[in-house]
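First comes the structure, then the notes that go with it.
Just so it is clear, none of the values below were taken in a lab; they were calculated from the coordinates. A quick note: this is a predicted structure, and the numbers were derived from the prediction, not measured. Cβ placement follows ideal geometry from the backbone for every residue including glycine, while neighbour counts extend to all protein chains displayed.
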Amino acid sequence: MELSAFVPDFTDVYRLRRPKALEKLLHRLRWLVPAREPVPRSRVNRAYLLSRLYAYRDEHGKPVSANTLRRVHSAWSVFFDYLTERGVFEDNPMLRVKAPKPTESPVKWYELATVKRLIGGAPTPELRAAFALAYGGALELGGAIVPLRREQVHDATQEVHAAGTKAHRRNRVVRIDSWAWPYIADIVRDKLPSAYLFPDAWREDETRLTRAHGRAVKEMTLAPALSLHRARHHWAVTHLRAGVPVAVVQAQLGHSAPMLTLKTYGAFIPTGDDRERWAEVVEQDQARRQKAPRHSAVGSAIGAVNEKSRARKRHLS
């Protein structure tokens, strides 16, 4: 049984679920099952899958990161799930292939003052609103921001229903920071409930938004030059530093568990040492303030006694 015959049917099913990701999926499948090279079921074993996975190259023939290989592994797993359901395999052969370990990049973000300058300098209200949703609400680009409709924006509570497509937990309601809300309110004011917030061209090619963000960063000569995806880091770091509970940050980001949030951002949570050090500063400040009035009062009293003494001496003389 030759696997290439199943690719068209599988892509037809996948097209209905995630049409925008179809081109990338096809490239990943054709690396596993080349269009002009028969791949019989009998060839698919652990050794074959490992060799194909670690030889993978992108559309331009360049090596990819471990994180991209993990996504390739996931795409192949979905394909073999499809074949298993149809009786081609007894179980998914990708279960015997361990996914590469993810590479962790350092958390980088812009401080609020920089974010406000970046958003305020965007050339259109739609761009300003999209950036505000990313930085002020930790919303994802494709699954949450681009397909937003007016009915998903709740003015009374300053919340947005982020539908999300990556996982069920990304389907959530998030609160937009107060500084960012006016940018969203500016574009939703006169829209009908079913109307999209952003241009049709963004839904056809969401990289238009990321490129616009890149141009804004370049024009401001920001260093480091961070992508729009890093906006989630800004939201998470600033809220955790302010003492927001991890569970609240987890829910806003759409993480699967608090441990994922802690693993990524735990270094930015105020520690016991931090609190103790600042508690000492507060206590010292309070002690200084309590002493200052007493010293003033004593000084005033001494001055009054001295003045009375001088007045008495003048009277006797």
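Considering only DSSP states other than H, G, I, E and B, which trypsin sites (Lys or Arg not before Pro) in segment 6-91 qualify as loop sites with at most 13 other Cβ atoms within 10 Å?
Here the trypsin sites (Lys or Arg not before Pro) that fit, given the DSSP loop and packing criteria, are ARG36, ARG86.
If you place +1 on the Cβ of every Lys and Arg, -1 on the Cβ of every Asp and Glu, and leave all else neutral, what size is the dipole of the chain about its Cα centre, to the nearest 20 Debye?
Values: 53 positive and 33 negative charges, 262 e Å.
The dipole of the chain has a size of about 1260 debye.
When the Cα convex hull of segment 74-212 is projected onto planes of every orientation, the mean area is 11.3 nm². For segment 50-66, backbone phi angles converted through the Karplus equation (6.51, -1.76, 1.60; θ = phi - 60°) give residue-by-residue couplings of 5, 5, 5, 5, 7, 9, 4, 10, 6, 4, 9, x, 9, x, 10, 6, 4 Hz, Gly and Pro being listed as x.
Name all residues of segment 133-150 having a backbone nitrogen under 17 Å from the label point set 7 Å from the Cα of SER194 along its Cα→Cβ direction, giving them as ranges. Residues 148-150 fall inside that zone. Ranking PRO102, SER42, PHE80 by Cα position along the charge dipole of the chain, where only Lys, Arg, Asp and Glu carry charges on their C-beta atoms, puts PRO102 farthest toward the positive end.
Using the Karplus relation 6.51 cos²θ - 1.76 cosθ + 1.60 with θ = phi - 60°, the per-residue 3J(HN,Hα) values for segment 218-233 come to 5, 5, 8, 6, 6, 9, x, 7, 9, 7, 5, 4, 6, 4, 4, 5 Hz, with x marking Gly and Pro. Of all the options PRO100, PRO258, PRO40, the one that moves most in a Gaussian network model of the chain with Cα springs shorter than 10 angstrom is PRO40. Against the chain, whose longest principal axis comes from its Cα atoms, helix 125-137 is set at around 80 degrees. Convex hull of alpha carbon positions in the chain: directionally averaged projected area 26.8 nm².
Once the Cα gyration tensor of segment 3-96 is diagonalised, what are the square roots of 5 times its eigenvalues, in whole Å and ordered largest first, as equivalent ellipsoid semi-axes? The partial results should precede the final answer.
Working: eigenvalues 70, 57, 32 Å².
Working through the eigenvalues yields semi-axes of 19, 17, 13 Å.
Would you calculate, for the chain, the mean residue ellipticity at 222 nm contributed by helices, counting each DSSP H stretch of 4 or more residues as -39,500 (n - 2.57) and dividing by all residues, to the nearest 500? Calculated at 222 nm, the ellipticity per residue is -17000 deg cm²/dmol.
Stretching SER77 away from LEU260 to a fully extended chain increases their span by 63.6 nm, per 0.36 nm per residue minus the current alpha-carbon distance.
Across segment 44-99, the mean sequence separation of Cα contacts (distance under 8 Å, 6 or more residues apart), normalised by length, yields a relative contact order of 40 percent. GNM on the chain, alpha-carbon springs under 10 angstrom: the most fluctuating residue among HIS239, HIS161, HIS73 is HIS73. Selection among ALA267, LEU192, LEU32 by position relative to the dipole of the chain gives ALA267 as farthest towards the positive end (Cβ unit charges, Cα centre).
Nearest 0.05, what FRET efficiency do LYS62 and GLN286 give at R0 = 51 Å with Cβ-Cβ as r?
Given R0 = 51 Å and the Cβ-Cβ separation, E is 0.25.
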